[in-house]
1. Among (1) without any contact (Cβ under 8 Å) to a residue 40 or more places away in the chain; (2) farther than 19 Å from residue 271 by Cα, there is one condition residue 238 misses while meeting the rest; what is its number?
2. Kindly evaluate residue 135 against the criterion of being surrounded by fewer than 18 Cβ atoms within 10 Å (Cβ to Cβ), within 23 Å of residue 12 (Cα to Cα) and either at pLDDT 95 or above or aliphatic (A, V, I, L, M) (or both).
3. Under 6 Å by Cβ, and 6 or more places apart or on different chains, what pairs join a residue from the range 151-167 that is touching a residue at least 40 places away in the same chain (Cβ under 8 Å) with one that is of a type in the set (Phe, Trp, Tyr) and part of a strand (DSSP E or B)?
4. Among the residues of the range 138-161, what is the count of those that are within 18 Å of residue 94 (Cα to Cα) and among the polar types (S, T, N, Q)?
5. Only one of 144, 164 is of a type outside the set (Val, Ile, Thr) and over 24 Å from residue 220 (Cα atoms); which?
6. Quick one: which of 86, 49 is at pLDDT 95 or above, among the charged types (D, E, K, R) and either farther than 20 Å from residue 281 by Cα or out of contact with any strand residue (DSSP E or B) (no Cβ under 9 Å at 6 or more places or on another chain) (or both)?
7. Can you tell me how many residues within the range 250-283 are touching an Asp or Glu at 6+ places or on another chain (Cβ under 7 Å), within 30 Å of residue 193 (Cβ to Cβ) and not in a strand (DSSP E or B)?
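The values are calculated or read from the model by the stated rules, or taken from the named source; none is laboratory data. All values derive from a computational prediction rather than experimental measurement. Heads up, the Cβs are rebuilt from the backbone with ideal geometry, glycines too, and the neighbour counts pull from every protein chain shown.
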Amino acid sequence: MKAIFSSRDLVKAAIQGKAVERIPKGELCIEDRVIEREFNRSGVGFSERHAFVSRLGLDLICLSPLYDASGKLPSPSQVYWPDLERWALETPLYTFALIDGAFGWGGRIMDYYQFMAMSYRNETALIDLVASVEKLNLELVKRLSAWGVNGIIVAEDIAYQKGLLINPQTIRKLFMPSLARQAEAVLRAGLQLFYHSDGNYGELLPDLNAIGFDGLHCIDRQSGMDLFALQREYGGRICFWGTLDPGELAVKRDPEYLQQLRNQVRIEASRSGYILGTTSGIFEGICLANLEEIYRQV
């Protein structure tokens with residue numbers, strides 16, 4: 001097997017289901033307060049974030065957008081990702097940019113319960129919202145491709161612990177066709193495409209696979225997402241990222257427990273198409289020492 005030295009190449013190989021000589025690592029997000037605490041300073045810029053990512057030995061960076069939503073969708077020119085070009089051009093890291101899906105935007109720019117009721121009270125308004133998000137995201141994909149990112153993550157929490165927040169027929173009818181068009185634009189631009197949702201969205205995996213998503217983030221055992229079953233079903237076609245439960249890392253544990261967790265990660269990673277990370281990202285409350293220990297040893 002040809003050795004892969006670049007983090008960017010390593011992550012790309014894992015996404016493509018190729019054999020890799022070590023497990024790639026990355027987090028969906030890293031809260032500023034964690035970095036401020038670790039470096040004992042106020043404010044986080046590119047240098048501080050890069051130093052923290054390097055300390056953890058991560059192979060990818062995921063950048064979240066900033067914008068002023070003000071209760072409505074922003075224009076493409078109002079959306080930006082801090083230091084995106086520096087991450088893409090000045091570091092060897094695989095660079096993901098996150099964009100919000102229609103379900104994510106709906107819960108953000110209007111009353112959440114009002115949005116949830118739109119599917120059966122005002123389907124026309126929901127169709128208009130989905131179309132507006134699609135138009136926004138297609139323009140953002142063009143910009144991100146020109147800025148040199150490697151991949152895009154569509155994020156929308158469409159499920160809770162026991163299943164989907166609305167019935168799958170509604171999702172397939174009103175959301176999936178638009179999502180498929182966005183996916184087509186991403187893949188046509190030569191970028192790799194991931195989907196993120198919390199909870200148990202397993203019922204939609206056949207649809208996401210058919211659309212062409214390269215990977216999924218957040219495989220939560222506590223929500224009934226069985227990684228081993230998913231690997232048997234979709235291994236080689238979908239890359240799975242984000243399996244560590246932050247709750248398992250919230251407090252210091254005994255060495256035997258950590259060893260069991262490391263062994264579990266090694267088994268998960270023994271099949272191709274795997275990126276190590278937490279299901280949520282790094283936030284205040286996580287035991288960073290435990291996470292660093294797992295990162296070092298696997």
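1. Result: residue 238 fails condition (2) only.
2. no
3. 151/96; 153/96; 153/194; 154/195
4. 2
5. 144
6. The match here is 86.
7. Residues meeting the conditions: 5.
This table checks each residue for (1) within 27 Å of residue 177 (Cα to Cα); (2) of a type in the set (Val, Ile, Thr); (3) touching a helix residue (DSSP H, G or I) at 6+ places or on another chain (Cβ under 7 Å).
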position: 53; (1), (2), (3): no, yes, no
position: 93; (1), (2), (3): no, no, yes
position: 127; (1), (2), (3): yes, yes, yes
position: 144; (1), (2), (3): yes, no, no
